[in-house]
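Comments concern the structure below.
The values are calculated or read from the model by the stated rules, or taken from the named source; none is laboratory data. These numbers come from a predicted model, not from an experiment. Cβ sites come from the backbone with ideal geometry, for glycine too, and all protein chains shown count toward neighbours. These accessible areas exclude ligands, DNA and RNA; they are computed on the full protein's heavy atoms, side chains included. Shrake-Rupley method; radii C 1.70, N 1.55, O 1.52, S 1.80 Å.
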Amino acid sequence: MNKSVFLGALTVAGLAAGAAAAATLDDIKARGNLNCGVNTGLVGFAAPDANGNWQGFDVAVCRAVAAAVLGDPQAVEFTPLTGKTRFTALASGEVDMLSRNTTWTLTRDVDLKNTFVGVNYYDGQGFIVPKELGVTSAKELAGATVCIQTGTTTELNLAEFFRVNNMDYEPVPIETNAEAQQQYLAGACDTYTTDASGLAATRASFENPGDHVILPEIISKEPLGPLVRHGDEEWSDIVRWTLNALIAAEELGVTSANVAEMASEPTNNPEINRMLGTEGNLGEMLGLDADWAVNAISAGGNYGELFEKHIGENTPIGLARGLNAQWTDGGLLYAPPFR
Amino acid sequence: MTALTEPPKESFRLSMLIYDTRYRSMTIQVVALIGFMLVAAWLINNTIVNLNALGKPVEFGFFTEPASYDINQKLIEYDNQDSHMRASFVGLLNTLLVAVLGCATATIVGVLVGVLRLSSNWLVSRIMAVYVEMFRNVPVLLWIVLAMAILIESLPRPSAFRGDEPDATMKVFDSVALTNRGVYIPEPLFTRSLGNIHLFGDSALRFDISIDLIVFLLILGGSIYAARRITAWANATQERTGERPRIWHINLAVLFLPTIALLAALGFHLGYPSLQGFNFQGGIHMRNSLIALWLALSLYTAAFIAEIVRGGILAISGGQTEAAAALGLRPRRITSLVVLPQALRVIIPPLISHYLNLTKNSSLAIAVGYMDITGTLGGITMNQTGRELECVLLLMLVYLTISLIISAVMNVYNNRVKLVER
């Protein structure tokens with residue numbers, strides 16, 4: 001592994017000058033597919049289904065971008081990345097974008113030279129414990145053994161939470177969500193901590209989800225979103241506005257079912273027209289076709305449809321919209337105007 | 001008679017560098033060296049320039065900033081507000097711990113298996129052959145993961161020890177707890193401890209050494225030295241008079257009485273682990289990750305060492321064994337007095353490289369979440385700071401240093417056992 005990281009770092013160096021200048025968009029068009037870094041396996045967000053097709057909420061963002069750029073939501077090459085390998089893979093050009101429930105922090109944005117294009121899920125870190133443990137609050141976890149994915153912000157939040165509350169704990173560092181699940185179910189740790197959405201997704205895959213409870217404390221802010229590397233503003237604009245299009249589509253009532261009809265001729269709402277390309281030239285400004293947003297939305301649906309399909313209340317994961325509702329419904333989702 | 005004519009003195013000409021076979025090889029080597037250095041310089045320069053262009057210049061300032069993550073197994077005091085350097089030091093000690101434990105165990109098991117594989121007992125030699133082939137031919141990572149999975153899945157949880165009718169009980173007179181979070185064994189404690197020596201003040205490398213341990217080792221060393229002197233005296237007396245004085249009881253007393261007296265003076269007692277809250281408290285906690293890594297690495301390396309030992313023994317001519325048998329030595333004495341001392345000369349050099357392999361293989365620790373230097377410096381620190389190149393360079397430097405030290409130490413030993421040529 002050492003060697004690959006070192007070579008990776010050298011490759012970063014080698015590619016940097018070229019990659020920074022060259023347009024990612026042209027590379028993708030020439031290649032004919034989008035390279036997207038995703039989670040190694042988190043049901044609901046990014047996991048291969050029984051046929052080996054990647055499915056999930058984060059995966060849907062990749063597909064929407066591929067649809068916007070190439071017109072084909074299937075033209076995506078998925079690279080599963082662990083918490084440790086993700087930024088190196090992005091920086092080295094191995095992937096064009098990362099859609100891997102990654103928390104937006106200042107260090108990652110500024111020091112690691114990434115560009116977060118927005119937030120597709122407002123999350124916070126929580127704890128899951130077996131019901132039989134009899135714990136009802138995270139403040140009762142003094143002395144507990146905690147499974148934690150290494151290379152994540154949750155690792156630092158955990159250290160801070162226990163420090164602030166003056167409690168001891170025993171961290172068990174783990175590489176992937178699957179290993180964490182195995183150790184937690186075997187009782188090698190009392191509790192597993194990660195983003196609350198990840199906990200819900202993990203719990204959904206348990207044999208008896210009812211035997212486990214997610215504690216009420218949310219100990220951090222975890223705005224999760226897709227990101228690209230610094231240095232190619234045209235590309236970051238495309239990913240940013242594709243995400244915005246998905247969010248705005250829900251607000252404007254554009255769904256995968258009616259998008260084709262709405263795009264066939266101008267509607268009464270000028271903003272919908274501008275977004276769907278029947279009015280103005282927003283697509284051209286982005287360097288894309290006029291129907292870029294139509295493709296993105298018909299790939300899987302608008303933000304709300306994706307949420308309901310992959311992680312919503314009717315799925316085994318069963319997440320409520322909560323903070324992730326539209327601003328008109330009291331949530332935090334607020335797409336800037338398409339103008 | 002003709003006078004011998006001196007060959008004309010040839011002056012050095014530049015073309016001789018190419019056409020004269022005396023100089024040509026030198027020329028080629030110099031040119032190749034310059035070329036190699038240019039390529040190396042270009043690579044390094046390219047890396048630095050491009051990292052600068054990327055806005056990530058090579059710098060090590062991050063090393064003194066707070067690490068802000070926790071490490072479970074720490075041999076020295078560490079807090080998440082300590083620096084990344086301190087965290088790396090904790091990881092380094094964990095690497096060294098598993099390397100030392102692994103090398104020792106691998107040597108013992110390897111020598112035993114190697115000798116037993118040559119046993120005339122068919123069953124024993126076959127079993128050893130199966131062991132060697134099984135461990136040698138499966139990647140060590142799989143053994144590590146397997147050992148970890150077995151420990152986690154088969155041992156009871158700490159909560160199984162709770163209640164009036166617990167599902168699991170502590171072993172060995174209620175002193176050892178085997179749980180799926182590790183093994184808890186009693187720890188030595190002193191009521192009248194002499195305290196610690198603090199080294200390196202407040203720096204990241206600060207280190208405490210227990211004075212109790214130093215005194216204990218000094219006295220034990222002294223006892224062993226005294227016992228050897230007594231044995232030497234007994235040998236000399238036997239040489240002189242033909243009668244060997246009875247010394248075993250004296251030796252026993254010299255070996256044990258001073259240390260027992262010291263332990264009593266320091267108020268030695270054992271601290272037993274007990275179940276408190278979520279986990280066992282007290283005692284020494286040997287985590288599953290350590291045990292899995294240690295077991296897998298030593299059993300894997302022992303299979304190779306066994307083959308080296310077997311090869312070394314087979315390299316000793318059968319005539320020597322027969323000659324020793326003709327002198328009336330029993331098989332065990334033949335092995336320990338005649339065969340093994342000579343076999344060591346063949347065994348030591350490849351053994352060194354297997355010690356190095358074991359130490360480097362310990363970087364697979366991350367597979368089971370053991371916080372060695374690859375897990376701290378090359379894992380969390382690298383990930384949280386985003387300084388890939390710096391961390392990996394440091395990591396390589398650390399492993400290089402450890403390996404060179406092991407080589408140096410083993411070479412000194414090799415020089416002592418190798419055949420002295422006259």
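Structure above, values below:
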| read-out | value |
| --- | --- |
| Hits in the range A:136-145 (condition: more than 9 Å from every other protein chain (Cβ to nearest Cβ) and either touching a Lys or Arg at 6+ places or on another chain (Cβ under 9 Å) or in contact (Cβ under 8 Å) with a residue 24 or more places away in the chain (or both)) | A:THR136, A:SER137, A:ALA138, A:LYS139 |
| Options A:TYR303, A:TYR334: the member that is under 19 Å from A:ASP58 (Cβ atoms) and among the hydroxyl-bearing types (Ser, Thr, Tyr) | A:TYR303 |
| Failed criterion for B:ASN415 (all others in (1) among the polar types (S, T, N, Q); (2) crowded, with 16+ Cβ neighbours inside 10 Å; (3) away from every other protein chain (no Cβ under 13 Å) hold) | (2) |
| Any hit, the range B:309-318, residues being open to solvent by less than 60 Å² (accessible area, probe 1.4 Å), within 17 Å of B:ALA104 (Cβ to Cβ) and more than 14 Å from chain A (Cβ to nearest Cβ) | yes |
| Any chance A:ARG86 is open to solvent by 10 Å² or more (accessible area, probe 1.4 Å) and either within 19 Å of A:GLU234 (Cβ to Cβ) or among the basic types (Lys, Arg) (or both) | no |
| Hits in the range B:386-408 (condition: over 30 Å from A:ASP111 (Cα atoms) and open to solvent by 90 Å² or more (accessible area, probe 1.4 Å)) | B:LEU404, B:ILE405 |
| Top-ranked residue in the range A:157-187 [being modelled with pLDDT of 90 or more and of a type in the set (Val, Ile, Thr); ranked as farthest from A:ILE128 (Cα to Cα)] | A:VAL164 |
| Subset of the range B:310-325 [within 32 Å of the chain's Cα centre (by Cα) and part of a helix (DSSP H, G or I)] | B:ARG310, B:GLY311, B:GLY312, B:ILE313, B:LEU314 |
| Residue under evaluation B:LEU194, criteria (1) open to solvent by less than 50 Å² (accessible area, probe 1.4 Å); (2) assigned to a loop (DSSP other than H, G, I, E, B), criterion not met | (1) |
| Unmet requirement for B:SER289, which otherwise passes all of (1) small (Gly, Ala, Ser); (2) open to solvent by less than 20 Å² (accessible area, probe 1.4 Å); (3) away from chain A (no Cβ under 14 Å); (4) at negative phi | (3) |
| Residue check, B:ASN361 surrounded by 17 or more Cβ atoms within 10 Å (Cβ to Cβ) and in contact with a helix residue (DSSP H, G or I) (Cβ under 9 Å, 6 or more places away or on another chain) | yes |
| Residue list for the range B:360-373, restricted to those being part of a helix (DSSP H, G or I) and closer than 22 Å to B:ARG86 by Cβ | B:SER362, B:SER363, B:ALA365, B:ILE366, B:ILE373 |
| In the range B:43-85, the residues that are of a type outside the set (A, V, I, L, M, F, W, C), part of a loop (DSSP other than H, G, I, E, B) and open to solvent by 80 Å² or more (accessible area, probe 1.4 Å) | B:GLU65, B:LYS74, B:GLU77, B:GLN81 |
| Residues being facing chain B (nearest Cβ under 8 Å) and under 21 Å from A:ARG86 (Cβ atoms) - total across the range A:153-171 | 5 |
| Residue in the range B:42-56 that is more than 14 Å from chain A (Cβ to nearest Cβ) and either touching a helix residue (DSSP H, G or I) at 6+ places or on another chain (Cβ under 9 Å) or of a type outside the set (Gly, Ala, Ser) (or both) present | no |
| Extreme residue, modelled with the highest pLDDT, among residues of the range A:56-92 that are among the polar types (S, T, N, Q) and touching a helix residue (DSSP H, G or I) at 6+ places or on another chain (Cβ under 7 Å) | A:THR79 |
| Meets criteria (at pLDDT 95 or above and either of a type in the set (D, E, K, R) or surrounded by fewer than 24 Cβ atoms within 10 Å (Cβ to Cβ) (or both)) for A:ARG240 | yes |
| Residue in the range A:110-126 that is nearest to B:ILE366 (Cα to Cα), counting only those that are within 13 Å of chain B (Cβ to nearest Cβ) and touching a residue at least 24 places away in the same chain (Cβ under 8 Å) | A:LEU112 |
| Number of positions in the range A:37-62 that are crowded, with 24+ Cβ neighbours inside 10 Å and of a type in the set (A, V, I, L, M, F, W, C) | 9 |
| Residues of the range B:86-96 satisfying the condition of being touching a residue at least 24 places away in the same chain (Cβ under 8 Å) and open to solvent by less than 50 Å² (accessible area, probe 1.4 Å) | B:ARG86, B:ALA87, B:SER88, B:PHE89, B:VAL90, B:GLY91, B:LEU92, B:ASN94, B:THR95 |
| Scan of the range B:364-384 for residues that are open to solvent by 10 Å² or more (accessible area, probe 1.4 Å), at the interface with chain A (Cβ under 8 Å from one of its Cβ atoms) and either touching a Leu at 6+ places or on another chain (Cβ under 8 Å) or of a type in the set (S, T, N, Q) (or both), ordered by number | B:ALA367, B:ASN383, B:GLN384 |
